[in-house]
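Reviewing the structure listed below.
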Amino acid sequence: MSDLVDYVEEPIDEVAIASQRKEFLDMLYQMSKDKASVMLRFRGPGVEGVTASARVLAIESSLQEILVENLNTPTGVLPTARVSLDDVLYVRLC
């Protein structure tokens, strides 16, 4: 047997995992339903450190994009926009 362990042999609490996943999905649903106000901080070439505010309309199920309204950026306001979360460092609820 190797001294290196590739994984942890602990039982998985499937009930707890399912409960946490449900709470997370409920939070995403509620954010969209309530059009939650958010602050986005962008990352990457050309947008590093840029912040923008918006209201969440929808969140893609793969968590790769969000649809927002009134995206207030340093260069103006976009009535609606699709934002790639690959370009976002964090999303903060306001």
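In the chain, a dipole from Cβ-located charges (positive for Lys and Arg, negative for Asp and Glu) runs towards its positive end, and of 15, 61, 29 it is 29 whose Cα lies farthest in that direction.
One entry in (1) -0.76, -0.84, -1.31; (2) -0.67, -0.72, -1.37; (3) -0.83, -0.86, -1.16 is log10 I(q)/I(0) by the Debye sum over Cα atoms at q = 0.15, 0.16, 0.26 Å⁻¹ calculated from the shown coordinates; its label is (2).
I'd like the carbon and sulfur percentage of the solvent accessible area for the chain, probe radius 1.4 Å, heavy atoms only, ligands and nucleic acids excluded. It would help to have the intermediate numbers written out before the result.
Working: 3960 of 7290 Å².
Of all accessible area on the chain, carbon and sulfur atoms account for 54 percent.
Quick check for me: using +1 on Lys/Arg Cβ and -1 on Asp/Glu Cβ, what's the dipole size of region 16-94 about its Cα centre, in debye to the nearest 20? Mind showing how you got there, number by number?
Details: 9 positive and 9 negative charges, 33 e Å.
Value, rounded to 20: 160 debye.
Seen against the Cα atoms of the chain and their longest principal axis, helix 14-33 is set at about 0 degrees. The residues of the chain present an accessible area of 78 Å² per residue when probed at 1.4 Å with all protein chains retained.
The values are calculated or read from the model by the stated rules, or taken from the named source; none is laboratory data. All values reported here derive from a predicted model rather than from experimental measurement. We place every Cβ from the backbone using ideal geometry, glycine too, and count neighbours over all the protein chains shown. Keep in mind that these areas ignore ligands, DNA and RNA; they rest on the heavy atoms of the full protein, side chains included. Shrake-Rupley method; radii C 1.70, N 1.55, O 1.52, S 1.80 Å.
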